[in-house]
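Sharing a structure with you now.
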Amino acid sequence: MTDILIGLTKSSIFSLFSVKKLDREILDEDLKRIMLIRNLIEEGSDFIKNNCDGINVNSYNSELNQYACDLFIELCLDEIPEENRRSDDFDITKEIGEIKEYFDYIYANLKYPK
């Protein structure tokens, strides 16, 4: 049952990242996606708490958060121009760290108003 719920939510999260952005230069688009994903995971967690005995909600949250963060990192890395990747001062580890830090900050601190 847990695998089914996680799989369904992962497909929803993936759909949010696979939708083409209208303007890739607008940072706010990523911010809204991350907030929407957080809302999706939180609503799913509330549903699980209230309707599904025996499912570890913390594990559910953690796995989906990591999945969403990994997709976000992949999306951001795909957007880096090839000439930037080839430059001597490009550090993929640092880049991934900064992307993850941004994702984690938005995920932890920003919410849609109620």
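The values are calculated or read from the model by the stated rules, or taken from the named source; none is laboratory data. The shown structure was predicted, so the numbers you read here are calculated from the model rather than taken from an experiment. Note that each Cβ is placed from the backbone with ideal geometry, even for glycine, and that neighbours are counted across all protein chains shown. Accessible surface is based on the protein model in full, side chains and every heavy atom, while ligands, DNA and RNA are left aside. Shrake-Rupley method; radii C 1.70, N 1.55, O 1.52, S 1.80 Å.
Within segment 60-78, which residues are hydroxyl-bearing (Ser, Thr, Tyr) and at pLDDT 90 or above?
Passing the criteria: Ser62, Tyr67.
Among the residues of segment 48-55, is any surrounded by 12 or more Cβ atoms within 10 Å (Cβ to Cβ), assigned to a loop (DSSP other than H, G, I, E, B) and not aliphatic (A, V, I, L, M)?
Going through segment 48-55, the residues surrounded by 12 or more Cβ atoms within 10 Å (Cβ to Cβ) turn out to be 48-49, 52, 55.
In the following step, the residues that additionally are assigned to a loop (DSSP other than H, G, I, E, B) were identified as 52, 55.
From what is left, the residues that are not aliphatic (A, V, I, L, M) are 52.
Among the residues of segment 48-55, at least one is surrounded by 12 or more Cβ atoms within 10 Å (Cβ to Cβ), assigned to a loop (DSSP other than H, G, I, E, B) and not aliphatic (A, V, I, L, M), which makes the answer yes.
From the list Phe90, Phe103, Phe47, which one is touching a Cys at 6+ places or on another chain (Cβ under 6 Å) and among the aromatic types (Phe, Trp, Tyr)? Break it down into steps so the answer makes sense when it comes.
Values: Phe90 fails: touching a Cys at 6+ places or on another chain (Cβ under 6 Å); Phe47 fails: touching a Cys at 6+ places or on another chain (Cβ under 6 Å).
Criteria check complete, one pass: Phe103.
Those residues that are open to solvent by less than 70 Å² (accessible area, probe 1.4 Å), hydroxyl-bearing (Ser, Thr, Tyr), assigned to a helix (DSSP H, G or I) and out of contact with any Lys or Arg (no Cβ under 8 Å at 6 or more places or on another chain), I need them from segment 63-114; list them, please.
Correct list: Tyr102 only.
Among the candidates Ile41, Ile34, which residue alone is open to solvent by less than 40 Å² (accessible area, probe 1.4 Å), modelled with pLDDT of 85 or more, under 22 Å from Ile92 (Cβ atoms) and not aromatic (Phe, Trp, Tyr)?
Going through Ile41, Ile34 in turn, the sole match is Ile34.
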